[in-house]
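Please read through the structure below; I'll follow up with questions.
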Amino acid sequence: MSRNLFLVCAAGLGLLISSAAPLAAQGQSATRVGSMTGDAEAGRQQYRRYCIGCHGPAGDGNGENAMWIDPKPRDFTAATFKCRSTPTGTLPTDEDLYHAVSRGFVTTNMPSWEPLPRQTRVDLVAYIKTFSARWKTQGSGTPITVPPETPSSIESILHGRELFQKMECWKCHGPAGHGDGPSASTLTDSKDNPIRPYNFAAGVARFKCGATNQDLYRIFMTGVDGTPMPSFADNIQPNDAWDLVHFLRTLQPLETPEAAVWQAWLPAHASELKPIGPGEGGQ
Amino acid sequence: MRTTSLVSLVLLAGAATTMGATFGSKPAAGSIAGTVTFTGTPPKMRPIDMSKEPSCASQHATPVMTETVVTGAGNTVENVVVYISAGDQPSPAPTTPARYDQKGCQYLPHVAVFQAGQPLEIYNDDQTSHNIHPLATVNAEWNKSQPPGTPPIKASYDKPEFIAVKCNVHPWMHGYFAVLGTSHFAVTGGDGKFSISGLAPGKYTVTAWHEKFGTATQEVTVAAGEAAANFVFKALPY
């Protein structure tokens, strides 16, 4: 116990702790982010202060605030996580969880916990991993390889547009990415709560799983587990995936390099585009 | 189990009677056979509107009906998985893949039964993209897209579990993976009948599972020949 108190104090001072966490002895693999090692016991105390209200004492997402919240707080006992660098069906890396805690989830009640010391966030990750036995029986998945980004040319954007049609992204996300496709109104998450597909035109132009092109690449290549969004890793080749990223960027009200290329090309060529939707559109 | 216990279960008393037949000089391997029926009022099968997916709607001359509860003449229940849940000799999982098809925006079969550790291959026979989303809770949950003409998705599950399967693009598509820890199982057809063969003489626990009605178990003693085990689910309309 005195050791744990020491760890909490050390965390408060922002010191880096490199010794193994106490839970490592119980079969839990050590939680590491960069050079930091998480201490689940220290995390437990921080969890009771910052997380318990929504995620609940049992970590099942049934905290006292949960009934007022949509989307619902994450159920850590299910160990199904939306934002991963790892393939669908696998556990995220410690870094994935650390980034999720730090970044927060835009458009949800989960704030960014960036103000907490880094060591505290790593301790929280270590504690979150104690809620499911899956962390003991299987390790994190192997992160997918994200190759260097290809140039965001008009050819790349147009090919991405073809993929948006061919992969039937529009069935949920809508022909213009407004989240209004024919299946959109029927979607539920894995706990049967209604869920909306991402609206690319919404004023908040960030994604739940990050804001960069690399984040966008990972979102559709790993899927958003626990939601209707599947993984496309089996169906989209890496360079083609960059084309889809470039097209998706043109759907957002953002000043991105892709949007600039698209807007420069579009006025003279709009009539050449087939509308996206049922049949052979979008080619 | 996702299915809530909307219904209570009634086991047919005295079902574990042995038939005790012996064929030829060698005692034949034992089996357990019976019929699954219901009492009460089950949910109705309702027509599915596939008009949002014309390539699927055109494959069906008449509307496809929901398969949550499929009943037959004589109050029989289809798609019930009957399996040995205790007393069985462990058998290694077969290496032959179980097959699950998406055809006409339906899952064929509605309930795919296979063993933990057995390979599973999922095919898309349609001209539309499906996403295959097995809502596992004991095993890992995953969700993969499968456009038309792509190779089968290969998977397997380590632990026994009844896993609801859905396609989020086509919300009427519902099916199940019944991942079992035994090679001794059967699925009822439209006549509600099942037969589990290849059983050594002994005492077994037999479980019947249905996606809406839940589970029922009974103890059955198998001698040489066929032992009887009938199951009756008590159905409520909702």
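Just so you know, all these numbers are worked out from the coordinates, no wet-lab data involved. From a predicted model like this one, the values you see are computed outputs, not experimental measurements. FYI the Cβ positions are ideal-geometry reconstructions off the backbone, even for glycines, and counts take in every protein chain you see.
Once you've got the Cα coordinates, tell me which of B:Lys103/B:Lys154; B:Lys103/B:Lys234; A:Lys274/B:Lys166; B:Lys44/B:Lys166; A:Lys82/A:Lys129 are over 23 Å apart.
B:Lys103/B:Lys234; A:Lys274/B:Lys166
Mean projection of the alpha-carbon convex hull of region A:69-140 over all orientations, in nm²?
Here the figure is 4.8 nm², rounded to one decimal.
A further question on this structure: Determine the percent antiparallel among the DSSP beta bridges restricted to chain B, to the nearest 5.
Bridges in chain B are about 70 percent antiparallel.
Roughly how compact is chain B, stated as its Cα Rg over 2.2 N^0.38 Å to two decimals?
Computed over Cα atoms of chain B, the ratio equals 1.07.
OK, next. Please work out whether region B:94-141 counts as rounded, prolate or oblate from its C-alpha gyration tensor, where a ≥ b ≥ c are the square roots of the eigenvalues and a/c under 1.5 means rounded, while otherwise a/b larger than b/c means prolate and anything else oblate?
oblate
Okay, helix-only estimate at 222 nm for chain A: each DSSP H run of n ≥ 4 adds -39500 (n - 2.57), divide by all residues, round to 500 deg cm²/dmol; what do you get?
Helix-only estimate at 222 nm: -10500 deg cm²/dmol.
When the Debye formula is applied to the Cα atoms of the protein assembly as shown, each taken as the same point scatterer, what base-10 log of I(q)/I(0) results at q = 0.05, 0.11 Å⁻¹?
Values, matching the q order: -0.25, -1.05.
Follow-up question, since we're still on this one. On a C-alpha basis, how far is the centre of region B:30-58 from the centre of region A:165-242 in Å? Whole number, if you could?
About 32 Å separates the Cα centre of region B:30-58 from the one of region A:165-242.
OK, next. With +1 on each Lys and Arg Cβ and -1 on each Asp and Glu Cβ, how big is the dipole of region A:69-210 about its Cα centre, in debye rounded to the nearest 20?
320
So, how do all the Cα-to-Cα distances of region B:92-181 break down into 5 Å bins, in percent, from 0 on up?
Bin by bin from 0 Å, the calculated values are 3, 16, 28, 28, 17, 8, 2, 0.
Toward the positive end of the charge dipole of chain A, about the Cα centre and with charges on Cβ (Lys, Arg +1; Asp, Glu -1), which of A:Ser153, A:Asn239, A:Phe105 goes farthest?
The residue sitting most towards the positive pole is A:Phe105.
Of the listed peptides A:50-61, B:88-99, A:167-178, what is their order by residue-averaged count of other C-beta atoms within 10 Å, with the highest listed first?
Ranking the peptides A:50-61, B:88-99, A:167-178 by packing returns A:167-178, A:50-61, B:88-99.
By the 4.7 Å beta carbon criterion, which cysteine residues of chain B come out unpaired?
B:Cys167
Compute the long axis of helix A:257-269 from its Cα atoms, compare it with the longest principal axis of the Cα atoms of chain A, and write down the angle in degrees, 0 to 90, nearest 10.
Value to nearest ten degrees: 20.
Extending each Cα 7 Å along its Cβ direction at B:Met45 and A:Met67, get the distance between those two points in nm, one decimal.
4.1
Under a point-charge model restricted to the Cβ atoms of Lys and Arg (+1) and Asp and Glu (-1), what is the dipole moment magnitude of the protein assembly as shown relative to its Cα centre, in debye to the nearest 20?
Rounded to the nearest 20 debye, it is 1080 debye.
Then there is this: Computed FRET efficiency, Cβ-Cβ of B:Ala57 and A:Ser35, R0 45 Å: what is it to the nearest 0.05?
Efficiency computed from Cβ-Cβ geometry: 0.20.
In addition: Taking the Cα-to-Cβ direction at B:Ala228 and at A:Val146 and moving 7 Å from each Cα, how far apart do the two end points lie in nm?
6.5
Could I ask something else about it? Can you figure out the FRET efficiency of A:Ala58 with B:Ala29, using R₀ = 45 Å and their beta-carbon distance, to the nearest 0.05?
0.40
Spin-label point model (7 Å from Cα, Cβ direction): what's the A:Asp192 to A:Ser112 distance in nm?
About 3.7 nm separates the two model spin labels.
Assign unit charges at the C-beta atoms only (+1 for Lys and Arg, -1 for Asp and Glu), then state the dipole size of chain B relative to its Cα centre in Debye, rounded to the nearest 20.
200
Can I ask one more? What fraction, in whole percent, of alpha-carbon pairs in chain A exceed 23 Å separation?
The answer is 57 percent, as a whole percent.
Quick check on the protein assembly as shown: of the DSSP beta bridges with both residues there, what percent are antiparallel, nearest 5%?
Counting only bridges with both partners in the protein assembly as shown, antiparallel ones make up about 70 percent.
May I pose another question? Starting from the Cα gyration tensor of region A:154-272, take the square roots of the eigenvalues, sort them a ≥ b ≥ c, and report rounded, prolate or oblate (rounded when a/c is under 1.5, otherwise prolate if a/b is larger than b/c, else oblate).
prolate
In whole angstrom, note down how far apart the Cα centers of region B:118-140 and region B:148-189 are.
7
Taking 0.36 nm per intervening residue step and subtracting the Cα-Cα distance, what contour gain separates A:Ala211 from A:Leu266 on full extension?
Fully extending the segment from A:Ala211 to A:Leu266 adds 17.3 nm.
What is the helix-to-structure angle for A:40-50, meaning the angle in degrees between its Cα long axis and the longest Cα principal axis of chain A, kept from 0 to 90 and rounded to the nearest 10?
Long axis of A:40-50 versus the principal axis of chain A: about 70 degrees.
If you take the charge dipole of chain B about its Cα centre, with +1 on Lys and Arg Cβ and -1 on Asp and Glu Cβ, which of B:Gly74, B:Asn124, B:Met50 is farthest toward its positive end?
B:Gly74
Normalised by the number of residues in region A:154-272, what is the relative contact order in percent for Cα pairs under 8 Å and 6+ residues apart?
Relative contact order here is 29 percent.
Let me ask something additional. Once a ≥ b ≥ c are taken as the square roots of the eigenvalues of the Cα gyration tensor of region B:53-141, is the result rounded (a/c under 1.5), prolate (a/b larger than b/c) or oblate (a/b not larger than b/c)?
oblate
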